[in-house]
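The values are calculated or read from the model by the stated rules, or taken from the named source; none is laboratory data. Not measured: the values here are computed from a predicted model. All Cβ positions, even for glycine, are placed from backbone atoms using ideal geometry, and neighbour counts span all protein chains on display. Accessible surface is based on the protein model in full, side chains and every heavy atom, while ligands, DNA and RNA are left aside. Shrake-Rupley method; radii C 1.70, N 1.55, O 1.52, S 1.80 Å.
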Amino acid sequence: MTGLSAAPAAHRAGPGALPDRPVSRLLSAAIVVLVGVLLVHVLFETWAQVLTGPTSKDPRANLENAAQWPKQLKTVLYLGLALLTIAKVLVDRQWHRFRTGADVALVALVLVMVLAGLVNDSSVTLIGEALFVYFRGVIVFYALRAADLTPDLVRRMLVPAAVVVAVNVVLALAQMVVGRPAYTALGWVDLTWADQSRAQGLQPHPNHLGHLLGVTLLGFIAWVSVTRGVSRAWWVAATVVAIGMSATQSRESLLGVLIAGLLVAVLFHGGARRVLAVCLVVVLCTAAQIAIRPDNRAEWERRLGNAFSGLQNPAGSESGAPRTGAAPSASARPTASARPTAPTSGRPSARPTTSGPDAASPRPTASSRPSTSARPSTSARPTTSARPSKPVATPAPAASRSPAPVREIRVLYLQQASRILPRQPVLGFGIGQFGGVVAEKDNPNWHKNPKFGPGGFNRYGFHAVQVDSFWLHLVMEVGLLGLTVYLIWLFLVARPLLSRIRQLRAAGRPPSAPVAWAVAAVVFACVVGFLSPSLEDPLLPPLLWAAVGVGWWAAGRSDPPPTSPIGLGAAPTAGSGPDDREPDTRILSTDEILAQARLARRPSGSTGDASAGSPGSPTLHNG
């Protein structure tokens, strides 16, 4: 049953109260500090690589040649966070808090992924590396669940990351206005995004900056959905962030913010107008970029045109079969251009050197047309006239299959996958063996795997390390079974938050902003996952799971709406007196009246149990 149940008195004395053990308090503080350091580190990681080591325009070369210490430090932070989480759980003996439906689904998902790897001959090392990349961000979620959070601790964790976000916004605006010099001043070597007028701030890709600012805007949307009378200064700040996101031209971030924002408007009717106002600001900022900046408009037109071109000319239409299409297409083009010179004189005359100078033989005959008139007398052989008839048939279809126009790579990859996945639909082709960082490191020629077909998986010259769709990558590696379990797991992560929202709405009370932010962040990540490898990128997973972890913590509280985006509902803690609270003038629901009556009937000696089971100290239970 999904819902909220009261925590045992032995483990939690009241909302925001920390365990009595000093070691436990120290571990909670250490977890919060480490999460804050990790959030700041992932925002600087790639830029630090650029400043401290040689970088290349080829992202695949940077996997090995760029400075590796930022990645190694990030791994150390994740592993240290995992160790602190385990230690905290052991000290507090709180294993019972990790038996929710989401936890069970995660275990099932890991087992399915391991099975998919074993069935498809993935090594144990490869499986371990792939699992770490898939779920390293989830360590943040479990760390925050293990820690005994307070509003002050959460604020200290998020404020440094918010400062870095502000720096990225300022740099994105500078790149938007100044152009190329604003990129080179930061040390960027690959100026592709400068040439396309796409701001990237300190991030390796404009989409990464779009994800960062999208999650930030969703935090503001969640706040205004439950808070009235937001000051004008906060609206101006949100507008500046929206302008920064529009400068990235991250279409997936735009879609993610709008879809998640509409969901928040549906869940919180009272703040729907304010939420829709933020969405309108985002749309207007993007429209202004397209209208005012010709480069941005040309980029949008190019991307939309490439998407439609990919639908009209699907993957595989540029040639015949992958194996036979390559050779005929290369030889057909010269013969097509030399079609006036009859094949009867071209091929027989060059027959002694059939395969080597084959491509060169038609070109001399095409350029020396006077000599072709003398050769028909020698081409009276009945046998040779029959043989050239075979190549004559190939130029005709080759001429009709001219080189395909430029197409959207995501469309081509999806079309290929729809043909390849039916070969192994249940468990896919093995974890760590398709289109990700782990596959690229293990085998740079992963796309030539014969399991994908005789011609392998055509990358169409795309040089990125990962395929540009997380969901495509996931389903190809773990199959439809793994995809289904993954979606169930995400649903079970969001279900306690949605249940809490329904409970508070039924009681006539608005939920806290972190709960709405967590739900919106999950939806945002799912949307952008269609157009980017976001859920296994270095940046978005820790941000997402930090928001979800704070949301789960907030769902276990009955605080009023926060007074600022960073305030996170600083409700009275266990040490606060009644004078510190605002008078409660709301009408109690029937359940609350009955709960008060039960508390009044309890003996005076059971006050500790009453405080532990009061509505002010619920904890998540998704068993």
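What list of ³J(HN,Hα) values in whole Hz, one per residue of segment 477-486 in order, does the Karplus curve 6.51 cos²θ - 1.76 cosθ + 1.60 (θ = phi - 60°) give from phi, with Gly and Pro shown as x?
Going residue by residue, I get 8, 10, x, 5, 5, x, 4, 5, 5, 4 Hz, with x marking Gly and Pro.
Accessible area of segment 72-146 with a 1.4 Å probe: how many percent of it is carbon plus sulfur?
Carbon with sulfur: 74 percent of the solvent-accessible area.
Modelled label-to-label distance, D295 and V33, 7 Å Cα→beta-carbon offset: nm?
4.3 nm
Let's test the formula: R0 of 45 Å, r as the Cβ-Cβ distance of A87 and Q312. What FRET efficiency results, to the nearest 0.05?
After rounding to 0.05, the efficiency reads 0.20.
Net charge around R495, counting only other residues with Cβ within less than 13 Å of its Cβ (Lys, Arg = +1; Asp, Glu = -1)?
That works out to +1.
At a Förster distance of 25 Å, what's the computed FRET efficiency of N443 paired with R419, Cβ-Cβ distance as r, to 0.05?
0.70
Assuming R0 = 35 Å, can you tell me the calculated FRET efficiency for the pair Q196 and V159, based on Cβ-Cβ distance, to the nearest 0.05?
The computed FRET efficiency comes out at 0.60.
Take A166 and T484, extend 7 Å from each Cα along the Cα→Cβ direction, and tell me the distance between the two endpoints in nm.
A separation of 4.9 nm, rounded to one decimal place.
Positive end of the charge dipole of segment 431-546 (Lys, Arg +1 and Asp, Glu -1 on Cβ, about the Cα centre): tell me which of T484, S469, A513 has its Cα farthest that way.
My answer, from the dipole projection, is A513.
Quick one: 3J(HN,Hα) in Hz for segment 293-309, Karplus 6.51/-1.76/1.60 with θ = phi - 60°, rounded, Gly and Pro as x.
For segment 293-309, the Karplus-derived couplings read 9, x, 4, 5, 5, 5, 5, 5, 5, 5, 5, 5, x, 5, 5, 5, 5 Hz, x marking Gly and Pro.
If you count only protein heavy atoms with a 1.4 Å probe, what accessible area per residue comes out for segment 155-297, rounded to a whole Å²?
Averaged over the residues of segment 155-297, the accessible area is 40 Å².
Using a 7 Å offset from the Cα along the Cα-to-Cβ direction at both V177 and A277, what is the distance between the two label points in nm, to one decimal?
Roughly 2.6 nm, to one decimal.
I want to make sure I understand the PRE zone here: with the label point 7 angstrom from the Cα of V104 toward its beta carbon, which residues in segment 474-502 have backbone N atoms less than 15 Å away?
So the set is 488-493, 495-496.
What is the list of residues in segment 429-454 whose amide nitrogen lies under 15 Å from a point 7 angstrom out from the Cα of T75, following Cα to Cβ?
Correct set: 437-442.
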